[in-house]
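Participant: To start, I am sharing the structure in question, which I have written as structure tokens.
The values are calculated or read from the model by the stated rules, or taken from the named source; none is laboratory data. Given the structure is predicted, the values throughout are model-derived calculations rather than measurements. Cβ sites come from the backbone with ideal geometry, for glycine too, and all protein chains shown count toward neighbours.
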Amino acid sequence: MTTLHDSAFLKAARGETVPHTPVWFMRQAGRSLPEYLKLREGIAMLDSCADPELIVEITLQPVRRYGVDAAIFFSDIVLPLKAVGVDLDIVPGVGPVVANPVRTLADVDAIPDLTADQIPYITAAVQGLVGELAGINGGTPLIGFAGAPFTVASYLVEGGPSKEHAKTKALMFGAPEVWDALMRKISGISAAFLETQVAAGASAVQLFDSWAGALTPGDYVRHVQPHSARVLEQVGKLGVPRIHFGVGTTNLLDLMGEAGADVVGVDWRTPLDRAIPMVGDRAVQGNLDPTLVFAPTEVMTARAAEVIEAGRAARGHIFNLGHGVIPSTDPDQLARLTEFVQSYPLG
Ligand code: CP3
């Protein structure tokens, strides 16, 4: 019998020999699953994220359906902000919308720090999940997550989703002391959110810096990396593997690794054979183009095979899509993809 510690996912994250290439999917829980849509009927996103029973059920749905090698905790990167009292909502089809965008030092100072006692439903949900997951496929690890300071800052400063992140970068360039205070505030909140999940039993964490690809390497190093590094250092003390992921980060992969990651998540634009030399002696996660699920199965699996083959050069490889599951994805394709990756012969 395997134990959690010996699971393929944790072995790959630590760079150890694996029984098979482990696979999970970003956004594996969510709108691509009919059982998710049914459960969420009439319940607002952020309400579902505060209900331990719903969190447990939604997190387990893709694990049962696909037999993936890890579960990802069902929540959202803006949940901790909501928990400390920031007036925000997740608007269907839009994303997080913040009522009073942050622009001044006073706005930053008005955001309280996060403590575990403000999110008892997170602790309860993680504990419930860890109990359930122990009995699935010989022990399935739970990945906790948080938003990285830059990506969370973008929602707080823009007031909603943004393509250019223009207001966010204007604050970064034009008011460095406000920026620094904001990034310190968010890094404390993100670290506390991760610590709460690990303290309750999560086996690994992923820090999502989804929008970091909007930055030049120089600006990333100066204005962002130290803050993400603080989050990763703080959870590093808890001894769990840390995954660090962003979109469009071809120019940042080395720096995102150096921020303190054990595993660097790679989006689909950078082939793994190019990404691996950049991340150094670290494991990689990724990176099948999420639209390949819409191709014929043989086309999808042929491309998955290329990803697996390229991943062999890394210290460890966790198979994933290059970004989240697209809501119109056919779950049966993901089931076939999971089976393909897990049964692919090791080299
Ligand atoms: O990966 C998982 O299965 C775990 C759940 C998860 C959600 N959000 C659930 C969710 C995770 C890890 C996140 C993180 C998150 N949230 C990120 C980083 C990951 C990434 O995609 O790059 C970001 C940028 C957000 C902000 C956010 N929240 C967006 C852009 C959206 C989508 C808006 C939309 O409706 O298209 C959300 C809402 C959200 N978070 C949904 C889910 C399942 C959809 C809302 C719903 O089901 O009603």
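Participant: Mind counting the residues in the range 191-208 that are farther than 15 Å from residue 77 by Cβ, surrounded by 16 or more Cβ atoms within 10 Å (Cβ to Cβ) and in contact (Cβ under 8 Å) with a residue 60 or more places away in the chain?
Facilitator: 6
Participant: If you take the residues of the range 145-198 that are of a type in the set (Asp, Glu) and farther than 22 Å from residue 59 by Cβ, which of them is farthest from the chain's Cα centre (by Cα)? Full working, then the answer.
Facilitator: Within the range 145-198, the subset of a type in the set (Asp, Glu) is 158, 164, 177, 180, 195.
Checking the rest, the ones that are also farther than 22 Å from residue 59 by Cβ come to 158, 164, 177, 180.
Numbers: 158: 21, 164: 21, 177: 28, 180: 23 Å.
Across the range 145-198, the extreme among qualifying residues is 177.
Participant: Out of all the residues in the range 59-80, which are within 11 Å of the ligand (Cβ to nearest atom) and among the hydrophobic types (A, V, I, L, M, F, W, C)?
Facilitator: 63, 68, 70, 71, 72, 73, 74, 77, 78, 79
Participant: List every residue pair whose Cβ atoms lie under 6 Å apart, where the two residues are 6 or more positions apart in sequence or sit on different chains, the first residue falls within the range 21-49 and is of a type in the set (Gly, Ala, Ser), and the second residue, located anywhere, is part of a loop (DSSP other than H, G, I, E, B) and more than 8 Å from the ligand (Cβ to nearest atom).
Facilitator: Pairs found: 32/329.
Participant: Among the residues that make up the range 171-190, is at least one of them within 12 Å of the ligand (Cβ to nearest atom), at pLDDT 95 or above, surrounded by fewer than 19 Cβ atoms within 10 Å (Cβ to Cβ) and in a helix (DSSP H, G or I)?
Facilitator: No, every residue in the range 171-190 fails to be within 12 Å of the ligand (Cβ to nearest atom), at pLDDT 95 or above, surrounded by fewer than 19 Cβ atoms within 10 Å (Cβ to Cβ) and in a helix (DSSP H, G or I).
Participant: Okay, next question. From 218, 246, grab the single residue that is closer than 21 Å to residue 157 by Cβ and either surrounded by fewer than 24 Cβ atoms within 10 Å (Cβ to Cβ) or at pLDDT below 95 (or both).
Facilitator: Unique residue meeting the criteria: 218.
Participant: Here's another thing I want to ask about it. So which residues in the range 21-58 are part of a helix (DSSP H, G or I) and within 11 Å of the ligand (Cβ to nearest atom)? So that I can check it myself, show each step before the final result.
Facilitator: Filtering the range 21-58 for residues part of a helix (DSSP H, G or I) gives 34-40, 45-48, 52-58.
Listed by number, the residues that qualify are 36, 37, 39, 40, 45, 46, 47, 48, 55, 58.
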